[in-house]
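Undergrad: Take a look at this one; I'll ask things after.
The values are calculated or read from the model by the stated rules, or taken from the named source; none is laboratory data. As the structure is a prediction and not an experimental result, all values here were calculated from the model. Methodologically, a virtual Cβ is constructed for each residue, glycine included, from the backbone with ideal geometry; neighbour enumeration extends over all protein chains shown.
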Amino acid sequence: MKAKTFYLKALIIFSIIFMFLPACQNNNSPEVFTFTGEGENWTVSQEVTQSENGKQSKIKIEYIGHNFEEAIGTTIHYTFIYLNGGSFYGNQVLDENGIIEDMSGRTGRKIYENEEIQVEIGEYGKEERFMLNAN
């Protein structure tokens, strides 16, 4: 009889532990933020996905200006400046669709939904600046 009572108590204790175990686990679903903006000649979007396992940043830059055919194949310089600290830059050739895409994790710090991001983009000497806004 004592063994039966012991097993019953043990079963109840383990049941309670397993009921609360999922509540103690971390919610590891990633945060995804999208920022977009448009200048006179460019539209830019940045999608940031971050979790405890790391961060990825995907940018898309599209030329919307005049003289589209002349712009194709041009090396474009871009800089993303996080007004709360940090930046990254790159140089890439505009593809036949007038698009530059880049996927990286170059910003070393956590990105927040209310981030203020300034973009400088264009050919050297012909850059334009505008802000990206959270969507």
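Undergrad: May I ask you to say which residue of GLU31, GLU70, GLU40 is under 18 Å from ASN135 (Cβ atoms) and either modelled with pLDDT of 85 or more or more than 15 Å from the chain's Cα centre (by Cα) (or both)?
TA: One residue alone meets the criteria, GLU31.
Undergrad: What are the residues in region 31-50 that are surrounded by 13 or more Cβ atoms within 10 Å (Cβ to Cβ) and of a type outside the set (Val, Ile, Thr), if any?
TA: The answer is GLU31, PHE33, PHE35, GLY37, GLU38, GLY39, ASN41, TRP42, SER45, GLN46, GLU47, GLN50.
Undergrad: Right, here's the next one. Do you know which of the residues in region 102-121 that are in contact with a Gly (Cβ under 8 Å, 6 or more places away or on another chain) and charged (D, E, K, R) is modelled with the lowest pLDDT?
TA: ARG109
Undergrad: May I ask you to list the residues in region 57-89 that are of a type in the set (S, T, N, Q) and surrounded by 16 or more Cβ atoms within 10 Å (Cβ to Cβ)?
TA: Answer for region 57-89, where residues must be of a type in the set (S, T, N, Q) and surrounded by 16 or more Cβ atoms within 10 Å (Cβ to Cβ): just SER57.
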